[in-house]
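Asks: Structure incoming, see below.
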Amino acid sequence: MHADTLDWLAFRLLALGCEFEVHEPAELTAHLRALSARLTRAAGHALPARQSRDAPTGES
């Protein structure tokens, strides 16, 4: 696969919508880690998992 930039390749990989693992090049791995850190900061604190409709809420 030919890519013009690491950003382009990173976004194409994410757009696949599946799990993936990068073995090389090291520059892409580092770029994905930097993007991950930026996205984590942008998302703020993790949101609690949503309860399913059938899950008890503790109310009587």
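The values are calculated or read from the model by the stated rules, or taken from the named source; none is laboratory data. Quantities reported herein were computed from a predicted structural model and do not represent experimental measurements. Accessible surface is based on the protein model in full, side chains and every heavy atom, while ligands, DNA and RNA are left aside. Shrake-Rupley method; radii C 1.70, N 1.55, O 1.52, S 1.80 Å.
Asks: If I go through the range 19-60 residue by residue, how many of them are at pLDDT 90 or above, farther than 17 Å from W8 by Cα and of a type in the set (K, R)?
Replies: Of the residues in that region, 1 qualify.
Asks: Follow-up question, since we're still on this one. Restricting to the range 4-31, give me the number of residues that are open to solvent by 90 Å² or more (accessible area, probe 1.4 Å) and in a helix (DSSP H, G or I).
Replies: 5
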